[in-house]
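Step one of this worksheet: look at the structure below.
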Amino acid sequence: MRKYSLFDWTVADWTIVLELTQQWEFNEVRNLAIRELDKLTEIPLIERIALYQRFKVDQDLLLPLYGKLCSRPEALNEEESEAIGMKTTVLIFRAREHLRAQASDSGMSPLPSGLDVSDVHHTLRKLLDTTPISPTDQAGKKTDLLSNLEPMN
């Protein structure tokens, strides 16, 4: 549902306004454009974050958007990571790791017990969509950890 506004402008219209306000340093009009963009519910989350980052919108508006990324069940995909940049991607992944961590002094989730390097390699191969040298790991056992992961390609 769209919040009430006197303006019936599109995301593209408000983006142009932001570009001009940034160029000409019209802070009041910039604030208006940001408020109006914030009312437009049709902007996808990643697109909104990228737009707000592009125009250096106050962190107070970005924080709840980052929170949505941290809270959603799926992690960022490659396209989303490219859109929001490396620094934000790392921030989101670190926050997700911390929020999903088992209780520990370091705030990081430990690897499951019994996991060895071949399990890690198997998971990386699956994510990178590569074929292993052999269908079994170095210890001679078939591994199938995280079988529900999608390849990155």
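Bear in mind these aren't lab numbers, they're just calculated from the coordinates by the rules spelled out. These numbers come from a predicted model, not from an experiment. Glycine also receives a Cβ, built like all others from the backbone with ideal geometry; neighbour counts cover every protein chain displayed.
Once the Cβ-Cβ distance between Phe93 and Thr41 is put in as r, and R0 is 35 Å, what FRET efficiency do you end up with, to the nearest 0.05?
It comes out at approximately 0.85.
Please list 3J(HN,Hα) in residue order for region 83-88, calculated via the Karplus relation 6.51 cos²θ - 1.76 cosθ + 1.60 where θ = phi - 60°; whole Hz, with x for glycine and proline.
5, 9, x, 4, 4, 5
Just to be sure I understand: if I project the alpha-carbon convex hull of region 32-76 onto a plane and average over all orientations, what area do I get in nm²?
In nm², the orientation-averaged hull projection of region 32-76 is 3.3.
Which ³J(HN,Hα) values, rounded to whole Hz and listed in residue order, are derived for region 35-40 from phi using the Karplus coefficients 6.51, -1.76 and 1.60 in 6.51 cos²θ - 1.76 cosθ + 1.60 with θ = phi - 60°, glycine and proline given as x?
These are the phi-based 3J(HN,Hα) values: 4, 5, 5, 5, 7, 7 Hz.
Of all alpha-carbon pairs in region 11-116, indicate the percentage at a distance above 16 angstrom.
63
I need the per residue convex hull volume for region 1-70, using only the alpha carbons, in cubic angstrom as a whole number.
88
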